[in-house]
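Step one of this worksheet: look at the structure below.
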Amino acid sequence: MRDRLADRVAVVTGAGSGIGLATVRRFAAEGARVVCVDIDAGSGQAAAEEVGGEFVACDVADEAQVRELFDGVAERHGRVDIAFNNAGISPPDDDSILVTGLEAWERVIRVNTTSVYLCCRYAIPHMQRQGKGSIINTASFVALMGAATSQIAYTASKGGVLALTRELGVQFAREGIRVNALCPGPIATPLLLDLFAKDPERAARRLVHVPMGRFGEPAEIAAAVAFLASDDASFMTAAQFVVDGGITGAYVTPL
Ligand code: NAD
């Protein structure tokens, strides 16, 4: 593995599982010092131990905890080079707008969108001081496409992440801070597998729309995150980086 991220201090939220965990491994393999952040202490701690990184327990929807997270990282490590704001939820009570209650809506928006606002708000001042930084916010392909199998709050939450990211990318472009949104297609993580992939009929309904005919692997997303985090992406900001097996480009898929 190339040392593209040698000595960079990288904060990964949702580090204990799925895309976050794969990215922790990839960042570490490329030389970064990884701060593993999760609300779940067991899995977050395990991720940190695996790569010789640091674990910080944090609910990314809580302002005081997020401020303490980034200020603490800057204090202990001297800098914040990379923020991968990735933690998110997709709970079963988020469904059609006709049945999704306000409590579920507000919970999903808070964990998926407000958390990204908070992480950016408290990471950017450190990056401004450094004159350099890379932020990657996890949106989704559902921020770009509609589905008849609705999860209305999740979809809106990711649309918010996309718009927020674009604006920050533009605002801070001349200060050396790049801000990009990642739009994964369906990836075989606990989040997706819990939802529908273990039910062959529900999985098939989705796979028919994927030109590649399979769900993505977390490591395939981690590779894209590492690219966006690194200087290889030095001319990229305010972008929506789509890694989706061809879904957003497809009309009729191969048999
Ligand atoms: P996952 O459920 O496997 O992992 C999410 C992690 O986030 C868990 O470790 C969980 O403990 C943590 N987390 C949840 N709420 C938190 C909070 N309030 N504070 C701190 N940590 C919290 O999910 P995943 O599939 O790896 O998803 C990661 C991101 O990618 C999410 O934002 C998700 O919406 C997005 N995404 C996933 C897919 C997919 O198909 N899996 C597709 C597009 C986008």
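Every number in this text was worked out from the coordinates using simple rules, so none of it is lab data. Keep in mind it's a predicted model, so treat the numbers as computed, not measured. We place every Cβ from the backbone using ideal geometry, glycine too, and count neighbours over all the protein chains shown.
Magnitude of the charge dipole for region 102-161, about its Cα centre and with charges confined to Cβ atoms of Lys, Arg (+1) and Asp, Glu (-1), is about 300 debye.
Shape analysis of region 48-110 based on the Cα gyration tensor places the equivalent ellipsoid semi-axes at 32, 13, 9 Å, largest first.
Springs between alpha-carbon atoms under 10 Å, Gaussian network over the chain: tell me which of VAL225, VAL170, VAL108 tops the mean-square fluctuations. Among VAL225, VAL170, VAL108, the largest GNM mean-square fluctuation belongs to VAL170. Counting only the Cα atoms, region 115-255 fills a convex hull of 114 Å³ per residue. Ranking THR138, ALA48, PHE235 by how far each Cα lies toward the positive end of the dipole of the chain (charges on Cβ) leaves PHE235 at the top. Taking other residues whose beta carbon is less than 15 angstrom from the beta carbon of ILE177, and scoring Lys, Arg as +1 and Asp, Glu as -1, yields +4.
Between the alpha-carbon centres of region 205-220 and region 44-58 there is a gap of 29 Å.
Loop-located chymotrypsin sites (Phe, Trp or Tyr not before Pro) in region 194-238 (DSSP state not H, G, I, E or B) with no more than 15 neighbouring Cβ atoms inside 10 Å: PHE235.
Which one, GLU201, GLU220, GLU68, has the greatest fluctuation when you compute a Gaussian network model over the chain with C-alpha springs under 10 angstrom? Maximum among the listed residues: GLU201. In units of the compact-protein estimate 2.2 N^0.38 Å, the chain shows a Cα radius of gyration of 0.96. Amide H contacts of PHE241 (H built 1.01 Å from N, in plane; Pro and chain starts excluded): ALA181, LEU182, CYS183 sit under 5 Å, all sequence-distant by 5 or more or on other chains. Measuring max minus min along each principal axis, the C-alpha atoms of region 1-138 give extents of 49, 30, 23 Å (largest first). Within the listed set PRO184, PRO92, PRO211, the Gaussian network model of the chain (springs between alpha-carbon atoms below 10 Å) gives the highest mean-square fluctuation for PRO92.
Counting only Cα atoms, the size of region 173-255 along its three principal axes is 49, 28, 15 Å, in decreasing order.
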